Amino acid sequence: MAYLDDLFSLSGRTALVTGGSSGIGKAIARALARAGASVVIVARREAERKAAVDELTAAGAEAGGVSGDLSTREGIRAAAEAAAAVYGEPDILVNSAGINLRPPLSELTEDVWDRTMAVNLEAPFLLGQRFGPGMAERGFGRIIHVTSQQAHRAFVQSGAYGVSKGALESLARSQAEAWSPYGVTVNTLVPGFVMTPLNVRLSSDPARVAELAARTMTGRNGLAEDFEGAAVFLASRASAYVTGQAIFVDGGLSVH
Ligand SMILES: NC(=O)c1ccc[n+]([C@@H]2O[C@H](COP(=O)([O-])OP(=O)(O)OC[C@H]3O[C@@H](n4cnc5c(N)ncnc54)[C@H](OP(=O)(O)O)[C@@H]3O)[C@@H](O)[C@H]2O)c1
């Protein structure tokens, strides 16, 4: 066990997880907390955020929640300061908050474009600017983004969403280039189709669910829990030599 602890324990680390109140972010927050990190969740809806934090603290973890709206620059900055006030500057930053509004491209308004870019791309950028240099100065940091298949190919109205996720993978490489020499690794997790509230419209259609499952190699769609192991790995000492990478957690969907 000491060997595993040395590789993967997050004890003494602090983590900030945006979107940690639902879906993939919630599973990642739980995993980091169970691996020993003190976790702060940022999201807008209070009831969901409180439920997620209560679940962590009931399991004996150190966890706190911060109300934050990542759709504006002011909101992003305020959330960053509020989150850092809970357990101090984070060692681990997970950007899981994301929106997918899916209008057909011809009907995509500037408002949808701006909101999508703000939450999916600008928040990870500004949170990186706020916390990345400090991580580099301290000699350890982990930044984990959550992108999408749509960073790599267009389908089901990729529109602004696919653009934001493609750019987010580029941002990860830029951040990795800047801060990896100082012990800060930056990687992205690339989900396939995961049954979460984000895609309730698709996941409530059994025929579509079966069709998407058939496109994977494992024969099933993703669950939020499928991200736990990869997140702990990317947040831990074990991944010190993994940076600038897109790691597909998709049941083989992308290579099928
Ligand atoms: N599910 C999939 O199949 C899938 C596939 C590919 C990629 N992804 C990506 O995985 C990530 C997580 O998705 P998910 O499926 O777990 O979605 P989800 O269950 O809908 O969770 C989204 C989270 O983001 C938060 N959020 C949304 N807008 C926000 C805002 N303006 N400010 C602060 N927080 C905000 C939500 O909380 P509030 O609403 O309370 O703010 C919630 O905690 C996203 O980046 C998504 O693009 C998901």
In the chain, whole DSSP H helices that both stretch 15 Å or further along their axis by alpha carbon positions and average at least -0.5 on the Kyte-Doolittle scale are 23-34, 73-87, 123-138, 159-179
Sorting A80, W113, Q150 by the position of each Cα along the dipole of the range 77-204 (Lys, Arg +1; Asp, Glu -1; all at Cβ), the one nearest the positive end of that ordering is Q150
For the range 96-187 the chymotrypsin sites (Phe, Trp or Tyr not before Pro) that pass both the DSSP coil test and the at-most-10 other-Cβ-within-10 Å test are F155
In nanometres, the difference between 0.36 nm per residue of separation and the alpha-carbon distance of E55 and M217 is 55.0 nm
The set of residues whose placed amide H lies less than 5 Å from the amide H of G68, leaving out same-chain residues fewer than 5 positions away, is A43, R44
Pseudo-spin-label distance Y182 to V200, built 7 Å along Cα→Cβ, given in nm, is 4.2 nm
By the mean-Cβ-within-10 Å protection proxy, highest first, 19-28, 190-199 rank as 19-28, 190-199
Percent relative contact order for the chain, counting Cα pairs under 8 Å at least six residues apart, stands at 20 percent
Going from the fewest other Cβ atoms within 10 Å to the most, one would list D111, D54, D69 as D111, D54, D69
Mean 1/r over distinct Cα pairs of the range 134-192, inverted to a Kirkwood Rh in Å, yields 12.0 Å
Expressed in nanometres to one decimal, the distance between label points 7 Å along Cα→Cβ at L7 and S67 is 4.3 nm
Counting only residues 5 or more apart in sequence or on a different chain, those whose built amide H sits under 5 Å from that of F248 are V190
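Values quoted throughout were computed directly from the atomic coordinates according to the rules given, and no laboratory measurement underlies them. The structure presented is a predicted model; accordingly, all values stated were derived computationally and were not measured. For neighbour counting, all protein chains shown are included, and Cβ atoms are generated from backbone atoms with ideal geometry for every residue, glycine included.
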